[in-house]
1. Which value, in debye to the nearest 20, describes the size of the charge dipole of the range 10-92 about its Cα centre when Lys and Arg Cβ atoms bear +1, Asp and Glu Cβ atoms bear -1, and nothing else is charged?
2. Remind me, relative contact order of the chain in percent, using alpha carbon pairs under 8 angstrom and six or more residues apart?
3. Taking springs between alpha-carbon atoms closer than 10 angstrom, which of K175, K101, K203 fluctuates most in the Gaussian network model of the chain?
4. Return the calculated 222 nm mean residue ellipticity for the chain, to the nearest 500 deg cm²/dmol, obtained by summing -39500 (n - 2.57) across DSSP H runs with n ≥ 4 and dividing by the residue count.
5. Kirkwood Rh, Cα Rg: Rg to Rh for the chain?
6. Can you list which of the GluC sites (Glu not before Pro) found in the range 1-58 are DSSP loop residues with at most 15 other C-beta atoms within 10 Å?
7. Hey, in the GNM for the chain with a 10 angstrom Cα cutoff, which one of I113, I87, I126 fluctuates hardest?
8. From the backbone phi of the range 204-215, what are the Karplus-calculated ³J(HN,Hα) couplings (6.51 cos²θ - 1.76 cosθ + 1.60, θ = phi - 60°) in whole Hz, Gly and Pro given as x?
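Read-outs throughout are calculated quantities, based only on the coordinates presented, and are distinct from any laboratory measurement. Since this is a predicted model, take the numbers as computed values, not measurements. Reconstructed Cβ throughout: ideal geometry from the backbone, glycine too, with neighbour counts over all protein chains shown.
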Amino acid sequence: MEITVEQMYNIENKGHDMGFLKKFMMENAGAAAVKKLVEKLGNVESKNILIFVGMGNNGGDGLVMARHLAGYGAKVTVMLLGTPENIKTEESNWNWSILEKMPSVKLMTGGTIDFNFKPDVIVDGILGTGISGEIREPYASAINYINQTNCYKFAVDVPSGLDPQTGETANIYTKCDMTVTFHKMKQGIPKRPDLTGELFAEKIGIPPEAEEGIL
Ligand SMILES: NC(=O)C1=CN([C@@H]2O[C@H](COP(=O)(O)OP(=O)(O)OC[C@H]3O[C@@H](n4cnc5c(N)ncnc54)[C@H](O)[C@@H]3O)[C@@H](O)[C@H]2O)[C@@H](O)CC1
Ligand SMILES: [K+]
C-alpha cells in the first residue's frame, strides 16, 4: 500500500504522541538503511563513505547511518550542509552531538565542496519529505557534486530533489543506485525508478495503531 506524505507525517506524529518518540524512529530508519546498504555491498570495512546531511530529519537519518557505518569499520565523513547551531530538530541535534564525541567519524560543516579523498559510497541525506520549491544552496552544489562523482549512491528516504508525493523533480536532483524509504512507500517515489535505483520500504518500529484514523 502506498501512502501520501501527509499521511506519513500524521502517522509519525501519532506514534510520537503514543510515546514512540521520533528519535527512536530516526534510529530505526538509519539502522534499517545501513542494513540494506551493507547487505548490498558486503564488507564496508575501510571503504570511504561520504554522507551529505541536510538540516532537517532526512539529515538526521544520515547522522544515524554515520554512527552505524563507523561501527562496521567504514571510513565515514559527514558533510553537514549548514552549521550545527542551525540543525532544525531535537532528534537530529542529539545525533550530531553523539558524532562530536566520535573521532572515528570525520565531521565537516558548511557545505564547501573540497574533499581530499574519492568516496566509494555517497549517502544522500539532504532532503526528504520536507522538500519545497527549487533547490537552494548549499544543497544545490552538493547535489551537483553527487551527480558528477562516479561511485555507489544511496538515497535516504527519497533521492533529494524528487518530490515523494508527486514524483516530480525540482531543478536538480540526485540519481541513486538504491533508495530506502521508511514505514510505507510514498506515492511519488516509485514513479522514478531511474532516480531511485533499487527501492525498498523498511519498517522503523512505528506501532500499527499509529495508523488508526489516518489510513
Ligand atoms: N516521517 C517519519 O515518520 C520519519 C521521517 N524521517 C525522516 O525525516 C525526513 C523528513 O524530515 P523533515 O520534515 O525535517 O524534512 P527534510 O529533512 O526533508 O527537509 C527539511 C529541511 O530542508 C529545507 N528545504 C526544504 N526544501 C528545500 C529546498 N528546495 N532547498 C533547500 N532547502 C530546502 C527546509 O528548510 C528544512 O530545513 C524524512 O524524509 C525521513 O528521512 C525519519 O527520521 C523516520 C521517521
Ligand atoms: K534524501
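1. The dipole of the range 10-92 has a size of about 260 debye.
2. Relative contact order of the chain: 23 percent.
3. K101
4. Numbers: 6 runs with 72 residues, N = 215.
So the helix-based figure for the chain works out to -10500 deg cm²/dmol.
5. Taking Rh as the inverse mean 1/r over Cα pairs, Rg/Rh reads 0.94.
6. Values: sites: E2, E6, E12, E27, E39, E45; in loops: E45.
Taking the range 1-58 and a limit of 15 other Cβ atoms within 10 Å, the loop GluC sites (Glu not before Pro) found are E45.
7. Highest fluctuation of the listed residues: I113.
8. Going residue by residue, I get 10, x, 5, x, x, 4, 5, 8, 4, x, 10, 9 Hz, with x marking Gly and Pro.
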